[in-house]
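Notes follow once the structure below has been shown.
The values are calculated or read from the model by the stated rules, or taken from the named source; none is laboratory data. Note that the structure is predicted; figures quoted are calculated from it, not measured. All Cβ positions, glycine included, derive from the backbone under ideal geometry; neighbour counts span all protein chains shown.
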Amino acid sequence: MTIAEDNRATRLRRLRMRSMRRGIKEMDLILIRFADNRLSAMSDAELDGYEALLEENDQDLYAWVSGQTEPPKRHAALIRQISDEFRLER
């Protein structure tokens, strides 16, 4: 394993852990499913966007994913992917 591959693997593990250790259980379930199914295929730029999304408040994230409120434009595409993933897996 190269240093770059090792750094990426470490980053993916860290993002996965952050996805399942949220403030509310609903977001744990939604984000860990997305992380397990999609993170490894994401580019570094997409991972940057996901990491920024994880900085957001859980209540806001849930409202965006569930369609209760519109997400900010910077997160709209990713929120749509997460929502789609959750609906497909139900």
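Every listed requirement among (1) closer than 21 Å to Ser66 by Cβ; (2) of a type in the set (Asp, Glu); (3) at pLDDT below 95 is met by Asp6 save one, (1). Give the residues of segment 57-90 that are crowded, with 17+ Cβ neighbours inside 10 Å and either without any contact (Cβ under 8 Å) to a residue 24 or more places away in the chain or among the basic types (Lys, Arg) (or both), sorted by residue number. Answer for segment 57-90, where residues must be crowded, with 17+ Cβ neighbours inside 10 Å and either without any contact (Cβ under 8 Å) to a residue 24 or more places away in the chain or among the basic types (Lys, Arg) (or both): Trp64, Pro71, Ser83. Assess whether Arg90 counts as being out of contact with any Cys (no Cβ under 6 Å at 6 or more places or on another chain), modelled with pLDDT of 95 or more and basic (Lys, Arg). Against the criterion (out of contact with any Cys (no Cβ under 6 Å at 6 or more places or on another chain), modelled with pLDDT of 95 or more and basic (Lys, Arg)), Arg90 does not qualify.
Looking at segment 34-43, can you tell me whether even one residue there is in contact (Cβ under 8 Å) with a residue 40 or more places away in the chain, of a type in the set (A, V, I, L, M) and surrounded by 15 or more Cβ atoms within 10 Å (Cβ to Cβ)? Break it down stepwise before answering.
The first filter runs over segment 34-43 and keeps only residues in contact (Cβ under 8 Å) with a residue 40 or more places away in the chain, leaving 34, 37-38.
Cutting the leftovers down to of a type in the set (A, V, I, L, M) gives us none.
No: zero hits.
Is it the case that some residue within segment 44-56 is within 20 Å of Ile24 (Cα to Cα), at pLDDT 95 or above, loosely packed, with under 13 Cβ neighbours inside 10 Å and not small (Gly, Ala, Ser)? Yes, segment 44-56 has at least one match. Yes or no: segment 51-64 includes at least one residue that is more than 10 Å from the chain's Cα centre (by Cα), closer than 19 Å to Arg87 by Cβ and not in a helix (DSSP H, G or I). There is no residue in segment 51-64 that is more than 10 Å from the chain's Cα centre (by Cα), closer than 19 Å to Arg87 by Cβ and not in a helix (DSSP H, G or I).
Residue pairs whose Cβ atoms lie under 8 Å apart, sitting 6 or more positions apart in sequence or on different chains, and linking a residue in segment 1-23 that is of a type in the set (D, E, K, R) to a partner that is exposed (fewer than 12 other Cβ atoms within 10 Å of the Cβ), are Arg8/Asp44.
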